[in-house]
1. For the stretch 198-215, name all the residues that are of a type in the set (D, E, K, R) and either touching a residue at least 12 places away in the same chain (Cβ under 8 Å) or open to solvent by less than 20 Å² (accessible area, probe 1.4 Å) (or both).
2. For the stretch 362-410, name all the residues that are outside any helix (DSSP H, G or I) and surrounded by fewer than 15 Cβ atoms within 10 Å (Cβ to Cβ).
3. If I ask for residues that are open to solvent by less than 50 Å² (accessible area, probe 1.4 Å), of a type outside the set (A, V, I, L, M) and either in contact with a strand residue (DSSP E or B) (Cβ under 8 Å, 6 or more places away or on another chain) or farther than 30 Å from Val325 by Cα (or both), which ones from the stretch 425-480 would you list?
4. State which residue is farthest from Gln85 (Cα to Cα) when the search covers only the stretch 135-193 and only residues that are hydrophobic (A, V, I, L, M, F, W, C) and in contact with a His (Cβ under 7 Å, 6 or more places away or on another chain).
5. So how many residues does the stretch 26-46 have that are among the hydrophobic types (A, V, I, L, M, F, W, C), open to solvent by less than 60 Å² (accessible area, probe 1.4 Å) and farther than 24 Å from Ser6 by Cβ?
6. Being under 23 Å from Ala301 (Cβ atoms) and touching a residue at least 24 places away in the same chain (Cβ under 8 Å) narrows it down to one of Asp99, Asp111, so name that one.
7. Looking at Val49 and the list (1) surrounded by fewer than 14 Cβ atoms within 10 Å (Cβ to Cβ); (2) touching a helix residue (DSSP H, G or I) at 6+ places or on another chain (Cβ under 9 Å); (3) in a helix (DSSP H, G or I), which single condition is not satisfied?
8. Could you list all residues from the stretch 204-240 that are over 21 Å from Asn144 (Cα atoms), among the acidic types (Asp, Glu) and under 35 Å from the mean Cα position of the chain (by Cα)?
Amino acid sequence: MGNALSCKWVGLFLVATLGVWTIKDLWEKLGDLSITPSQYAKHFIARAVALIAVPLCVYLFWFQVHFSLLHRSGDGNAFMSPEFQNTLDGVSLGHTPRDIYYGSRVRIRHDATNAGYLHSHLSNYETGSKQQQVTLYGFRDDNNYWVLTRTEAAEAKHANSSDPTALQQIKHGDIVRLLHWKTFRRLHSHDERPPVTTNDYQNEVTGYGWEGFKGDSNDHWRVQIIEGDSAEPDSKTKLMAIYSRFRLIHTGRRCALFSNRRKLPKWAHEQVEVTCMQSAKVPKTLWRIETNVNAAIPAGAPLAEYRRPGLVAKVLEATAIMWRVNNGLTKSHPYESRPHTWPWMRRGMAFWGEANRTIYLLGTPILWWLSLVAVLLFAALQAAMFLRSCRGINDRLMGARERYAESVGFLAAAWVLHWVPFFLMGRQLFLHHYLPAMWLAVLALTATLDLFTRRMGRRMRQVIMGALVLVVVRSYFQYSHLAYGTPWTRQGCERSKWLKAWDYDCKRYPGADASSKPVVPIAGPVVPTIVADVGPPDAQNFDPLENENKLNEPAPRIDHDKLNSNANKLHLEMVKAATTAGVAASVDAHENEDVVGEDAHHDDTLVMAP
């Protein structure tokens, strides 16, 4: 059970199967008057240890092996919490000044999604206000920095205080403004719909303003500290790096800064959308400050750092993320199928193909269908015997009734528990999800054959078993061309199509007269040849995990070296064009500033024309 669960979560169905059968066994023992209460307690404890504690320990053991082998940082970091990331080699998060003061330059991480940092760059939205984009970005760079400042009125009041140079820590309820460190735009929201989430209760979040612009009331955000660290009691009332989880509430729109992993279009570099949501649930509006930079903070000031999680905490986080990722696989696919079509193998699943070769997932039909018959036969016999027993007829089933119910009954119950749960899932499903149930049905078939032929002569049993094995082996070799992508003939392919819904394409295989022609090797690189008129286009080269990987991969990382080169070339072309035309270069530079920023995405070292 522990090994099955560690391989794939379908192992949960095995846990459920053995759990149901254990409950049945304990219920029967509870009614057995020959078993004393102390003996029953021993039975219960033995099963709890063997079927709960041991599998959990095995599951934790293999996760420990997994974490020990995969101990380095990588692009998958963005899925995990910063606490988890801090256990990886090559990652050093935190260790930053604890107390957050006005004037601090900070990186702000979205706490619920782990999708990245509050981010902006010199690219504008193509919808709504068409102001500067504000997103979540999974990688650390200078465009993630924001300066926390007072409102204009609070700034004037502080300037007239007795000590205007003194550090002032931000507290719960303070109204702040966030100035983007690289572009001098302020975090801003207004009554415009975001580009992706267009509900009425969602407001667009942008970067607005320019260097020297005083801003307006749409730049005002109230700090609302929701959670603190138990080891730092003041983190619930005073804003602290890492320890304080807080919301940013827009004072004008009364909405909370929000994100939910929805990706923006390619013109926004497929980064994650940030909105301001009214009546938003708290978890997805929580933020944490990860980096705090302020030259005025004295040396020796207390530092904040992430706690390192233990094995159980890491396993629980990894499990929660796997659950979320699996539930997110809801897009349709040309080769997906629903559970009701699996038992009779209505349709297979194409993986790959080139001339004279195809890989197509299809079971051995004889074995597949006979296994289904064995399960259905068990259900029919049990129903018939139950009805007959209600009329006082006690069928013995050739003396094998109890053994049939225990052996085939267990396997039939396991088949149901490995198949029926898929009806409750809304995610993408494929034929291969039926394979564990299929294996259990094969075991049910063998147990059924064994029980129903036990009273036959030895010779007759050998004939029946031998004939069945020969039929199955022949069927296996007949369909092995699809499993291994070996050459085949068109006639053999067409004879193998017992159901019209099996949509592997026989036209790619040569006829009988061409099957014996030798294949002439081609010198140089071999390029697979795809026959033009063959099957649905998605069947040519299909990776069943492609959609899964694309759906769950983080936003693409920006190649800064390439962008620097492009930006510098564009800069030189602009200066040259302005000089040739004899016009003021400064005017052209200001008019093209947003265009340059869009081409350069959010390049940190972009040098604008003077």
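1. Within the stretch 198-215, Glu204, Glu211, Lys214 qualify.
2. Arg391, Gly392, Ile393, Asn394, Asp395, Arg396, Leu397, Met398, Gly399, listed by residue number.
3. Phe430, Thr448, Thr453, Gly457, Gly466, Ser475, Gln478, Tyr479, Ser480
4. In this case the residue turns out to be Ile175.
5. 3
6. Among Asp99, Asp111, only Asp99 is under 23 Å from Ala301 (Cβ atoms) and touching a residue at least 24 places away in the same chain (Cβ under 8 Å).
7. All conditions pass for Val49, except number (2).
8. Of everything in the stretch 204-240, those that are over 21 Å from Asn144 (Cα atoms), among the acidic types (Asp, Glu) and under 35 Å from the mean Cα position of the chain (by Cα) turn out to be Glu227, Asp229, Glu232.
The values are calculated or read from the model by the stated rules, or taken from the named source; none is laboratory data. In this text, all values refer to a predicted model and were calculated from it rather than measured experimentally. Positions of Cβ are generated from backbone atoms using ideal geometry, with glycine treated the same way; all protein chains shown enter the neighbour counts. Surface areas here come from the heavy atoms of the whole protein model, side chains and all, with no ligands, DNA or RNA. Shrake-Rupley method; radii C 1.70, N 1.55, O 1.52, S 1.80 Å.
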